[in-house]
């Protein structure tokens, strides 16, 4: 998934990156930190973090780096989410996930360095009016089936499967990202929180919120997969749901509205989508073994899927970045604390802190920052 050395070189030319022949050497015992990376360009913005392309100075490998401002996370009460995402990502690794390589922090930010996928997300391609062939979508369905089956084996509910969170690599294979609202449920437990993106959330999540019910489990991700596959094929979603819809109205909707499938789709595809979009989670397809029983997937060689030997039906154009170019402009023009000026800024802050008694104007914030500093989990997959 990571760029090969030759790709890195063409990237460096395109990015104007440092291609000096001398690679820096870092102390093996030293934790990986911000100085180990060269920032190439901004490529995205998450719910409370930004993403840029970086190159590790010693190995010249390319990654994506997500960084989250500590103060903003504290003010928005999102530190717990960041910590849970880190805890989950440090424990998992799979060919169809966006895997974590390093995590570290400095005074301002928390950083996660992950696989770099240059093919863009499915939402971006839908917005570019890409017409995905049925073959292309069938492969995404298989790849996401393996990803969800793996997460289930690790007791993880993702809770936010949608086109925005499925990234393509340069060969066109799908990878699930963003574990920001994922949760871990141990044997027999159920989740109860109202979490997710409304148009992709399973009926039992709303039901559980309204009636207190029995909660929900892994089946919710398979419902979201059904909605996603329908949308990527059709260009719109099976249910007309928006963020503004009330939870009560949605419960009503699922019991009264029936999904309209395209008359041109093969019967086997429609019957599989019906199994994923089954309102009762007990009857919904929700595992690899369920999916393998579907006539639509009866001839799939699952080992070949896992080894990425199946040719993708849609291969993103290699010569360009598949993301909104405004991210880069924002970082350069609007960002009050741009990454490329971090070193100078931190040095200035430190000398200011040393010169005055750093009794902060906001003691509470200071306390929170110290707690984050102490509890943040540093990680290095290579070790």
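What to note about this one:
Rundown of residues vs (1) in the same structural domain as residue 36 (by TED's automatic domain parsing); (2) in contact with a helix residue (DSSP H, G or I) (Cβ under 9 Å, 6 or more places away or on another chain); (3) part of a loop (DSSP other than H, G, I, E, B); (4) modelled with pLDDT under 95, yes/no style:
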| position | (1), (2), (3), (4) |
| --- | --- |
| 282 | no, yes, no, no |
| 291 | no, yes, no, no |
| 296 | no, yes, no, no |
| 350 | yes, no, no, yes |
| 358 | yes, yes, yes, yes |
| 366 | yes, no, no, yes |
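- Any hit, region 311-327, residues being without any contact (Cβ under 8 Å) to a residue 24 or more places away in the chain, within 23 Å of the chain's Cα centre (by Cα), outside any loop (DSSP other than H, G, I, E, B) and surrounded by fewer than 18 Cβ atoms within 10 Å (Cβ to Cβ): yes
- The single residue among 225, 253, 269 that is without any contact (Cβ under 8 Å) to a residue 40 or more places away in the chain and out of contact with any strand residue (DSSP E or B) (no Cβ under 8 Å at 6 or more places or on another chain) turns out to be 253.
- Single residue of 150, 140 found to be over 13 Å from the mean Cα position of the chain (by Cα), in a helix (DSSP H, G or I) and within 15 Å of residue 230 (Cα to Cα): 140
- Qualifying residue in region 80-100 (condition: in contact with a helix residue (DSSP H, G or I) (Cβ under 8 Å, 6 or more places away or on another chain), surrounded by fewer than 16 Cβ atoms within 10 Å (Cβ to Cβ) and not assigned by TED's automatic domain parsing to the domain that holds residue 177): no
- Residue 218 touching a residue at least 60 places away in the same chain (Cβ under 8 Å), in contact with a helix residue (DSSP H, G or I) (Cβ under 9 Å, 6 or more places away or on another chain) and in the same structural domain as residue 130 (by TED's automatic domain parsing): yes
The values are calculated or read from the model by the stated rules, or taken from the named source; none is laboratory data. Since we're looking at a predicted model, the values are computed, not measured. Here the Cβ is made from the backbone with ideal geometry for all residues, glycine too, and neighbour counts use every protein chain on show.
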